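One structure is given here, and the rest of the page talks about it.
The values are calculated or read from the model by the stated rules, or taken from the named source; none is laboratory data. Since the model is a prediction, treat every value here as computed from it, not as a measurement. Quick reminder, even Gly has a Cβ in these numbers, built from the backbone with ideal geometry, and neighbours come from all protein chains shown. Accessible surface areas use protein heavy atoms only, side chains included; no ligands, DNA or RNA. Shrake-Rupley method; radii C 1.70, N 1.55, O 1.52, S 1.80 Å.
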Amino acid sequence: MAKYRGVIEVDTERCKGCNLCAVACPLHLIELSTRVNHHGYNYAVQPDQTQCNGCSTCGIVCPDGCITVYRAEK
Amino acid sequence: MESINIKSPQNIVYAKPRLMNDTNMHYCPGCGHSVVHKLVAEILDEMGVEEKTIGICPVGCAVFAYRYVDIDWIEAAHGRAPACASALKRLWPDHLIFTYQGDGDLACIGTAETIQTLNRGDSITIIFINNAIYGMTGGQMAPTTLMGMKTSTCPYGRQADLHGFPLKISDIAATLEGTCYVTRQAVNTVGNIRRARKAIRQAFENSMQGRGSSLVEIVSTCSAGWKMTPDQSNQWLADNMLPYYPLGDLKNTVDNK
C-alpha cells in the first residue's frame, strides 16, 4: 500500500488542455474534461481522487503551472 | 471525503511558483517555453535573488516573458540580448543578469552578439530555447532546423546543398575561452525537466560568483510549428532532435576547480 495519499487541484481557467499531465501521470488518473473553460479548452480533471499518491509529476510537466498538488501521510 | 480534507496549505508539495504571476500565458498548449519560464521563476525564488535579477527578453515567442515572471526585464532589439546583458553586467556586477532567447534570435540574427559576448566571458547566463523552427512567425526554417525536416519555407525538407547544415551553437560556445559552463538539456520528460532545473541553477550560481559566461541550451518542442499534438511533439523530440542534439554538459570548468 502506498504510504501517502494525494490530490490535485487544477486551475481550470488557466489550463489549456495540452494533455501532458494525463500522459505523464504514472497511475493514469488524469483525463481531459468533456466541459470547456471560457477559452474553449477541455481542462484536466482527476475523476478518481482516492488513488493519487501526490507524486507531483503532473505539476512538474504542466507548462502553465495550473496544478497544485497536495500530499499527506495515510 | 479524505482527499478533500488534505487540501490545506501545509500539505502543498507542488504549486505554481510564487514569482510567476496570474496572467495567462500566450504560448500554445504544451509549449516548452512555459516549462522553462516556470523553472526560472522557481529557481530565482529558491535563490532569493529576485530583487537583484534582470532578465533580457528576445524577439520571438518569448517576447512577452516580462508579463509572466515577476522580476525586472528589459526588451532587447532582435538578437541583441547578449550585448544588452553584457552592458548591464558591467554596470551592475553584483546583479544576476540572464538572457532568454530562442533559436531565431540567438542562432540566426544574433549569432555575432552571442559568440562575442560568450567570448568576452562576462558573467551572464544565456538560456537558449532550441525548437528547430521559427515558432512566432509561422513555422519557417531556422538555422537549427534538422536535415530533412519540413517547415513552411522548406516544404520538401531541409537539404544540405540548398540550405546548409543545422547550427550547433552550444558546440561552438564550448570551444570559447570565456565560457565556464555550456550544457544542453531538454524539457520533454519529468527527468529531463529536473536535470534542466539543476543546469539553470548551476548557470545562475556561476553568474553570481563571476565565473564566466554560461550557456544553457534547452531542446524544446513547438507543437504548433511542427503540426503535432504536445504529446507527439515530445516523442518526436526524443526520436529526432536528441540524436542530433545530444543532452549533457559540453563544458564545465567549475567542477575542475
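Structure data summary
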{"quantity": "Scan of segment B:119-147 for residues that are closer than 18 Å to residue B:213 by Cβ and in a loop (DSSP other than H, G, I, E, B), ordered by number", "calculated": "B:121, B:122, B:123, B:124"}
{"quantity": "Odd one out for residue B:195 among (1) within 14 Å of another protein chain (Cβ to nearest Cβ); (2) under 16 Å from residue B:132 (Cα atoms); (3) not polar (S, T, N, Q)", "calculated": "(2)"}
{"quantity": "Whichever residue in segment A:1-56 is in a strand (DSSP E or B) and loosely packed, with under 14 Cβ neighbours inside 10 Å and, among such residues, is nearest to the other protein chains (Cβ to nearest Cβ)", "calculated": "A:36"}
{"quantity": "Any hit, segment B:68-91, residues being farther than 25 Å from residue A:22 by Cα, aromatic (Phe, Trp, Tyr) and either in contact with a Gly (Cβ under 6 Å, 6 or more places away or on another chain) or open to solvent by 40 Å² or more (accessible area, probe 1.4 Å) (or both)", "calculated": "yes"}
{"quantity": "Residues satisfying the stated conditions in segment A:57-73, i.e. facing another protein chain (nearest Cβ under 9 Å) and either surrounded by fewer than 17 Cβ atoms within 10 Å (Cβ to Cβ) or assigned to a strand (DSSP E or B) (or both)", "calculated": "A:67, A:68, A:69, A:70, A:71, A:72"}
{"quantity": "Unmet requirement for residue A:23, which otherwise passes all of (1) more than 20 Å from residue B:22 (Cα to Cα); (2) out of contact with any Pro (no Cβ under 9 Å at 6 or more places or on another chain)", "calculated": "(2)"}
{"quantity": "Search result, residues across segment B:167-184 that are touching a Phe, Trp or Tyr at 6+ places or on another chain (Cβ under 9 Å) and open to solvent by 10 Å² or more (accessible area, probe 1.4 Å)", "calculated": "B:168"}
{"quantity": "Matching residues in segment B:1-52 - criterion: being open to solvent by less than 40 Å² (accessible area, probe 1.4 Å) and over 25 Å from residue B:186 (Cα atoms)", "calculated": "B:3, B:6, B:8, B:11"}
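Listed here are the residues, each with its yes/no results for (1) within 12 Å of another protein chain (Cβ to nearest Cβ); (2) free of Cβ contacts under 8 Å to residues at least 12 places away in the same chain; (3) in contact with a strand residue (DSSP E or B) (Cβ under 6 Å, 6 or more places away or on another chain).
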position: B:215; (1), (2), (3): no, no, yes
position: B:218; (1), (2), (3): no, no, yes
position: B:222; (1), (2), (3): no, no, no
position: B:226; (1), (2), (3): no, no, no
position: B:230; (1), (2), (3): yes, no, no
position: B:234; (1), (2), (3): yes, no, no
position: B:242; (1), (2), (3): no, no, no
position: B:245; (1), (2), (3): no, no, yes
position: B:252; (1), (2), (3): no, no, yes
